[in-house]
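Each remark here refers to the structure printed beneath this line.
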Amino acid sequence: PNLDPTGEPEGKLIYASEEYAPGAAGTARTSATLLALVRNEELDDMLQSMRDLERTWNHKFNYPWTFFNDVPFTEEFKKKTQALTNAECRYELIPDEHWEVPSWINNDLFVESTKTLKEQKVQYAELVSYHQMCRWNSGLFYKHPALADVQYYWRVEPKVHFFCDIDYDVFRYMQDNNKTYGFTINLYDSPQSIPTLWPETLKFMADHPEHVHENNAMNWLTDRARRPDHNDKANGYSTCHFWSNFEIADMSFWRSKAYEDYFNHLDRSGGFFYERWGDAPVHSIALGLFEDKSRIHWFRDIGYQHIPFFNCPNSPKCKGCVTGRLTDGEAFLHREDCRPNWFKYVGMG
Ligand code: GDP
Ligand code: MN
């Protein structure tokens, strides 16, 4: 089925203001980077993502790439990634204190919880590094010293695809339109991975009502109508989230007092390890509560795939994906789309 929620005629989807074209007069360059947490073993998949993004966008703008790893990058990794771009590449090691399992996590309890999660078919539950990765992406990446002077980032994972030519500076677009966060795909999550995330969030809100924004997206976060089973198992959270393997965002939000307090609360509660909280629901809940929902932008014009889901606009600028198709996986996966809820409560932005 054609799930293109826009119904817009072909060619109208691309944001094409000449103001943001490459080399436009008066262009003040935004402090921004392409950002990838990646393992040395994923080099070929990273090269694939880079080729797509350089071809469709970055060769026109040459924003630097910043690669992060919990172990040093190999010479081969550095050589082959740098060879794909004219932009500067930076290779950064994550400090131990940002990656290690925190001291307050009880290892026996962690191992025990992992078994339960596995029985409930929570993906990657037994991989300690996956928990560490989710925690780092939730609350630590933007604290890396290499990003101290950087405001905006575009998160890129290995093995993703970009399909559409984008002719404007997306970072300047974010800045000039006062946007905090941009997404392409919005999905339901596995409630088994986050049973106490919403209850912890409610506790936090009770302690810190001052952080909740008056123009929040609470009704998107708590919708029950479409998938009541998810809301029940997640104890009041719809599980709808921005799929964070793609993010174009302003780190000022993560660096704010509201988010700092929220992340610390969650971190202390242990759910990154005793459950398998993802950075996607954590980021999404924070944005939905503490940010003005009008500052969240759907990049409808960026054709994107991370297996098994697509964002595929209806535009002649896109090649290699099928317009409007969410997935070429099994039919039941279509149920995972939460964009209709976002449009219902927040609009097309
Ligand atoms: P999925 O997208 O949820 O299936 O998870 P991925 O395996 O793609 O991991 C998410 C991101 O974190 C990817 O960019 C990975 O390269 C990266 N990642 C995951 N675990 C590690 C790790 O232990 N070390 C490093 N350096 N990167 C990791
Ligand atoms: Mn991935």
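Derivation of every value follows stated rules applied to the coordinates shown; laboratory data play no part. Note that the structure is a prediction, hence the values are computed from the model and not measured. Every residue, glycine as well, gets a Cβ built from its backbone with ideal geometry; the counts of neighbours run over all protein chains shown.
Points to keep in mind about this one:
- Cα shape, region 225-307, gyration tensor, a/c 1.5 rule: oblate
- For region 196-255 versus region 284-349, the gap between their alpha-carbon centres in whole angstrom: 17 Å
- Spin-label model distance (nm) - residue 119 vs residue 159, 7 Å beyond Cα toward Cβ: 3.0 nm
- Partners for residue 203 among aspartates and glutamates (Cα-Cα distance below 15 Å; same-chain residues under 8 apart left out): 261, 267
- Label-to-label distance, nm, for residues given as residue 146 and residue 130 (7 Å Cα→Cβ offset): 2.5 nm
- Listed by chain and number, the lysines whose alpha-carbon sits under 16 Å from that of residue 344, ignoring those within fewer than 8 places in the same chain, are 293.
- Label zone at residue 97, where the point sits 7 Å out along the Cα-to-Cβ direction: region 38-80 residues whose backbone N lies under 18 Å: 70
- Ranked by how many other Cβ atoms sit within 10 Å of their own Cβ, fewest first, the residues 81, 116, 222 fall in the order 116, 222, 81.
- With each label modelled as a point 7 angstrom along the Cα→C-beta vector, the residue 261-residue 107 pair spans 3.6 nm.
- Comparing 296, 166, 105 in a Gaussian network model of the chain where C-alpha atoms under 10 Å apart are linked, the largest mean-square fluctuation is found at 105.
- Positive-end ranking of 256, 278, 316 along the dipole of region 222-325, with charges on Cβ about the Cα centre, is headed by 316.
- Test item: Cα-centred dipole of the chain, Lys/Arg +1 and Asp/Glu -1 on Cβ, debye: 580 debye
- The chain: relative contact order as a whole-number percent, Cα under 8 Å and 6+ apart: 25 percent
- Charge dipole (region 29-345, unit charges on Cβ, about Cα centre) - positive-most of 237, 215, 192: 215
- If R0 is 51 Å, the Cβ-Cβ spacing of residue 80 and residue 208 corresponds to a FRET efficiency of close to 0.65.
- Of 35, 109, the sequence from fewest to most neighbouring Cβ atoms within 10 angstrom is 109, 35.
- C-alpha center-to-center spacing [region 113-152, region 26-80] in angstrom: 20 Å
- Here region 197-239 is treated with +1 on each Lys and Arg Cβ and -1 on each Asp and Glu Cβ, and its dipole about the Cα centre works out to around 260 debye.
- The fewest-to-most ranking of 173, 124 by surrounding Cβ atoms within 10 Å reads 124, 173.
- Report note on the peptides 126-137, 309-320: ranked by the mean count of other C-beta atoms within 10 Å, highest first, their order is 309-320, 126-137.
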